[in-house]
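S.K.: Input: one structure, supplied below.
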Amino acid sequence: MGFVVSKIWPLWSPAGYDVPDEATGLTPRQKNIVQNTWKIVRADTKKNGIAFFMRFFEAHPEYQKLFKGFADVPKSELPKNGKLLGHALSVMYAINSIVDNLNDPESLVQVLEKIGISHGPRKITGSHFQNLAIVLINFLKEALGPSLMDATAEEAWRKSLEVANSLIIKALEMKDS
């Protein structure tokens, strides 16, 4: 169905729907896709947050050591670990805030800078956030399937996460200087 909608939608989409805004470089269409696909994921924040982090640690097992609260928890026990759940929920709520503020660039900048600043003391780097974005897109493709996470949706998420990471990384670097 995603394919059909993506082919028919241009016939009745409003003028300017594919014009990027100056603040984010995202089009209204891309923002809408990100917001609509995220609604499905956020419907079960707990389950999806844990599943996302399990995929994150599968892709980057060395990253688990960055989390003091569950650094040494065996992989098989992670899904039931309360500290992992707490962090997974925090990350999911942060993504909620990012997605919710795509149409409010001023608030979006504040949210992203706060994320960057808060991760600086933990020795988190830009590459950690870039890897997180890659895993998030792959997670969304698995969780939503190809009809919802088609090439257009994947590109919308990729661009949105590039914008987010550029501001997060800038805040991380400002903290270092």
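S.K.: Over its Cα atoms, what ratio of radius of gyration to 2.2 N^0.38 Å does the chain give?
M.R.: On the way: Rg = 16.9 Å, N = 177, 2.2 N^0.38 = 15.7 Å.
That ratio works out to 1.07.
S.K.: Where does helix 105-119 land angle-wise versus the long Cα axis of the chain, in degrees 0 to 90, nearest 10?
M.R.: The angle comes out near 20 degrees.
S.K.: Oh, and also: Which value, in Å² rounded to 10, gives the accessible area of MET92 with a 1.4 Å probe and all protein chains present?
M.R.: Around 0 Å² of this residue is reachable by solvent.
S.K.: Would you look at the GNM of the chain, springs on alpha carbons closer than 10 Å, and say which of PRO28, PRO121, PRO146 moves the most?
M.R.: Result: PRO121 has the largest fluctuation of those listed.
S.K.: Any lysines with Cα under 25 Å of the LYS114 Cα? List them, leaving off those in the same chain fewer than 8 positions away.
M.R.: Partners found: LYS31, LYS39, LYS46, LYS65, LYS68, LYS83, LYS123, LYS159, LYS170, LYS175.
S.K.: Measure nothing but the geometry: give the 0 to 90° angle between the long axis through the Cα atoms of 151-176 and the longest principal axis through the Cα atoms of the chain, rounded to 10°.
M.R.: 50 degrees
S.K.: Report the gain in length on full extension from MET54 to GLU162: 0.36 nm times residue separation, minus Cα-Cα distance, nm rounded to one decimal.
M.R.: Details: separation 108, 0.36 × 108 = 38.88 nm, distance 2.24 nm.
Stretched fully, the MET54-GLU162 segment lengthens by 36.6 nm.
S.K.: Largest first and in whole Å, what are the equivalent-ellipsoid semi-axes of region 98-159 based on the Cα gyration tensor, each being the root of 5 times an eigenvalue? Before the final figure, lay out each step's value.
M.R.: Working: eigenvalues 120, 54, 12 Å².
Over the Cα atoms of region 98-159, the semi-axes work out to 24, 16, 8 Å.
S.K.: Identify which of GLY86, GLY126, GLY49 has the largest mean-square fluctuation in a Gaussian network model of the chain, with springs joining Cα atoms closer than 10 Å.
M.R.: Highest fluctuation among the options: GLY86.
S.K.: I've got another one for you. Between PHE57, PHE67, PHE139, where does the largest GNM mean-square fluctuation fall for the chain, given springs only between Cα atoms within less than 10 Å?
M.R.: Evaluated over the chain, the most mobile residue of the options is PHE67.
S.K.: Given the Cα-Cα distance of THR125 and LYS68 and 0.36 nm per residue of separation, how much length would full extension add, in nm?
M.R.: Details: separation 57, 0.36 × 57 = 20.52 nm, distance 1.67 nm.
Length difference between fully extended and current span is 18.9 nm.
S.K.: Simple spin-label model, 7 Å along Cα-to-Cβ: TYR17 to SER76 in nm?
M.R.: About 5.1 nm separates the two model spin labels.
S.K.: Here is a further query. Compute the long axis of helix 28-42 from its Cα atoms, compare it with the longest principal axis of the Cα atoms of the chain, and write down the angle in degrees, 0 to 90, nearest 10.
M.R.: 40 degrees
S.K.: Ok, one more. Using only helices, what value at 222 nm comes out for the chain when you add -39,500 (n - 2.57) per DSSP H run of length 4 or more and divide by the total residues, to the nearest 500 deg cm²/dmol? Intermediate results must be reported in sequence, preceding the final value.
M.R.: Working: 7 runs with 116 residues, N = 177.
It comes out at -22000 deg cm²/dmol, rounded to the nearest 500.
The values are calculated or read from the model by the stated rules, or taken from the named source; none is laboratory data. For clarity, every value in this text was computed on a predicted model and none was experimentally measured. As a convention, Cβ positions derive from the backbone with ideal geometry for all residues, glycine included, and neighbour counts pool all protein chains shown. Surface areas here come from the heavy atoms of the whole protein model, side chains and all, with no ligands, DNA or RNA. Shrake-Rupley method; radii C 1.70, N 1.55, O 1.52, S 1.80 Å.
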